[in-house]
Amino acid sequence: MVANTPGPASSPEPGPAHGARSDVGAVRPPGASEDAEVLRGYYRQMALIRAFELRSAEMYARAKIGGYCHLNLGEEATVVGLMAALRPSDYLFAGYRVHGYALARGAEPGRVMAELFGRVTGMSGGRGGSMHLFDAGLRLLGGYGIVGGQLPPATGAALAIAYRGAPGPDSEAVMCLLGDGTTNIGAFHEALNLAAVWRLPIVYAIVNNQLGMGTPVEAASGEPELFRRGCSYRIPGERVDGNDVLAVRDAALALMESAREEHRPGLLEAVSYRIRGHSVVDPARYRSAEETQRVRDLDPLPAFRARLIEGGVLDQETAARIDDETERTVTAAIEFADTSPPPPVDTLFDGVYATPVPNVFTGLPGDPPPDGQTTVTTLGES
Amino acid sequence: MTTLTLGKALNAGMRRAMESDPKVLVMGEDVGKLGGVFRVTDGLQKDFGEDRVIDTPLAESGIIGTAIGLALRGYRPICEIQFDGFVFPAADQIITQLAKMPLRSLGALKLPVVVRIPCGGGIGAVEHHSESPEAYFTHTSGLRVVACSNPVDAYTMIQDAVRCDDPIIFFEPKRRYWDKADIDLDAPGLPLDRARVVRPGRDVTLVAYGPMVKTCLEAAAAAEEDGRDLEVIDLRSLNPLDMAVLEESVQRTGRCVVVHEAPIFTGLGAEVAARVSERCFYHLESPVLRVGGFSTPYPPSRLEEYYLPDLDRVLDAVDRTFAY
């Protein structure tokens, strides 16, 4: 059974599902088997994401960040739990709410912030922005701004793994992140079906923050218990409390293991709640003050901190020191971003094609116009 | 007279269409309770109910597909695509079904579907959120494609589009949503298929639509100081083109510059240039020139100002027409 999962009062209690775990969601003290340093590391990552996102909102308000900016606030436990289940050799595909994943995957905070600032030192050279974080070295293959855009390509990456090698403990695997709203777009069905019939090493991780922009999951999804959708494809589905970093990690690890060892796809639903609006500019008027307060009470960061202190893994002093350090890290990231230059305008055409393409016009203002639009000078001479 | 922004004018136009015909529906992502990302459908669900202003799941193909089904049974759905770049998941339903069904049924089936798409850049957004995909749709026979450029047209064009029995792709210049104008809510508008001379002039014909009309008017004002008298035409209808207005104008001025945000290469400007060249060949003092975006995916906000055609680029092209 899924206990302690935050959700609207009207949402039906989920029953047993294929592959559902019985212990997920229960608030447990960190077990004796947990390494204290690892647990503090999770806290540090969650605190870093929290600080990074709060300062990102501030930088957006100060017009340092352009375009759109979607934050992981409230999803920190899910982000860190999912990333803790990946190996460096695994591939990660994400939606547009991607800052936290890049950080937890090990991206340098300064390079992430510089990308948000649109600076040349950003992870994508300032050309991707908030939604399109890429880092091939980290095997973070985006950052996708279109809902559902990442699903078929992630499935293809899993197909490539299946082509290259047999299942086994050393097999690579793919984690494909998606939001609750993404389960309703056609690409979701196509991707999961392909993964099932081709037996691909991929875990689709639904980050259910309970709102698709302003629309609650129940209003948009015929089966609002999203993990159940796997049954259409005989893909094991599981739901975990997305506010519990260890529950998320454990469930993700188990599914990633099946993906690796059996090349069997999995579907994981982590239920958390988006603390702020859909993007920084969304005032989120579609939800009541009571609802917002209720979910603030479930805020995963103070909850995990209290849990670690209770379990003797963390003391107040150490927690405060970690918080200070993450603040300083984020301040340094902002400084790095702010002092980096924007991409030079003469690089506008760089990267549009992988190879030089003959006859592609790449003129800029002030350059001679393309063939067929003879220049003034030429005409004057002719 | 009522003063309305372009966004509010669209809202008022849809409201009037819904009041006058109970078959008119609005559907899209977050169009109801939220009132749309740009608040263009704000308040409609409150006043017309959830059955007529439908919040859909994130499923663009499904939105257009179900709108087709509704239209086949006599309804007149207005679909909102949240941003220009989000229309591509729906492209299959639009291009393969919406555009072709009237022909397949030899006219027995009418598809009065309006697909509203906020388009263009200028709001500091990025790819998917700043694109100008009109040429994909003007290239598709069976679709009518229109673009409004100002609040007055927005108000009447959306109503005319809803009344039209053919499918219409309706582009809205998102950076002009907040432009204001006085509107006579009872005055009939120019027919949907007609282009408008928004500024008469003698020397050069500037042809634009949507967001670039205002840019061209600014360019014309600047050129006036240099003693050049530019005519500005707002195409309004992108397919079909109102060639009569274009021909009459270019035959007077002898020079023509087409301006759009979309990349120049095989953009709508290419069609306008070809048609004007065919029809006005002996009147032309120079080739028809085009000003538009570059052949690159839409750049991030820091590079946007270089990408978007502005007054200087329009005037540069005007200068070049005088070099012949």
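Data table
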read-out	value
Protection-proxy order for peptides B:84-96, A:35-47, A:89-101, each taking the mean of Cβ atoms within 10 Å per residue, highest first	A:89-101, B:84-96, A:35-47
The range A:244-261 - phi-based ³J(HN,Hα) in whole Hz, Karplus 6.51/-1.76/1.60, Gly and Pro as x	10, 4, 6, 5, 5, 4, 5, 5, 5, 4, 4, 6, 5, 5, 4, 4, 5, 7
Along each principal axis, Cα extent of the protein assembly as shown, largest first, Å	89, 59, 50
Where N is the number of residues in the range A:21-343, Cα Rg divided by 2.2 N^0.38 Å	0.94
Residue mean of other protein chain beta carbons inside 10 Å, A:343-352	3
Cα-based Rg / Dmax (Å) for the range B:2-183	14.9, 45
For B:Val207, distant residues with modelled amide H under 5 Å away	B:Ile233, B:Val257, B:Val258, B:Val259
Debye log10 I(q)/I(0) for the range B:77-143, one point scatterer per Cα, at q = 0.14, 0.15 Å⁻¹	-0.45, -0.51
Qualifying lysines (Cα of each under 18 Å from Cα of B:Lys23; at least 8 residues distant if same chain)	B:Lys46, B:Lys110
DSSP-defined beta bridges in the range B:196-321 - what % are antiparallel, rounded to 5	20 percent
Highest average packing first - A:314-321, B:17-24, Cβ atoms within 10 Å	B:17-24, A:314-321
Sorted peptide list for B:37-46, A:287-296, B:62-71, criterion being average Cβ within 10 angstrom, highest first	B:62-71, B:37-46, A:287-296
Other-chain or far-sequence residues with amide H under 5 Å of A:Gly266's (modelled H)	A:Ile202, A:Val203, A:Tyr204
Projected area, mean over directions - the range B:1-103, Cα convex hull, nm²	7.1 nm²
Backbone HN-Hα couplings from phi across the range B:295-308 [Karplus 6.51/-1.76/1.60, Hz, Gly and Pro as x]	7, 8, x, 4, x, x, 4, 5, 9, 4, 5, 6, 7, 6
Cα centroid of the range B:176-208 to Cα centroid of the range B:268-324, whole Å	20 Å
Chain A - percent relative contact order, Cα under 8 Å, separation 6 or more	22 percent
222 nm mean residue ellipticity, helices alone, for the protein assembly as shown (DSSP H n ≥ 4; -39,500 (n - 2.57); rounded to 500)	-11000 deg cm²/dmol
Fluctuation leader among B:Pro263, B:Pro300, B:Pro240 - chain B, Gaussian network, Cα springs under 10 angstrom	B:Pro300
Net charge contributed by nearby residues that have their C-beta within less than 12 Å of A:Pro169 (K/R +1, D/E -1)	-3
For residues of B:121-133, the mean tally of beta carbons on other chains within 10 Å	4
Share antiparallel - DSSP beta bridges, the protein assembly as shown, percent rounded to 5	20 percent
Distance between the range B:218-259 and the range A:287-354 - C-alpha centres, whole angstrom	52 Å
Cα-based equivalent ellipsoid of the range B:160-298: semi-axis lengths in Å, sorted from largest, via gyration tensor	24, 18, 17
Derived scalar couplings ³J(HN,Hα) [the range A:58-69; Karplus, 6.51 cos²θ - 1.76 cosθ + 1.60; whole Hz; x for Gly, Pro]	5, 5, 5, 4, 8, 6, 7, 10, x, x, 10, 8
Chain B pair-distance distribution - Cα-Cα, 10 Å bins, rounded %	6, 27, 34, 23, 8, 1, 0
Number of partner chain Cβ atoms within 10 Å, mean per residue of B:80-89	2
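Every number in this text was worked out from the coordinates using simple rules, so none of it is lab data. Keep in mind that what you see is a predicted model, and the values were worked out from it rather than measured. All Cβ positions, glycine included, derive from the backbone under ideal geometry; neighbour counts span all protein chains shown.
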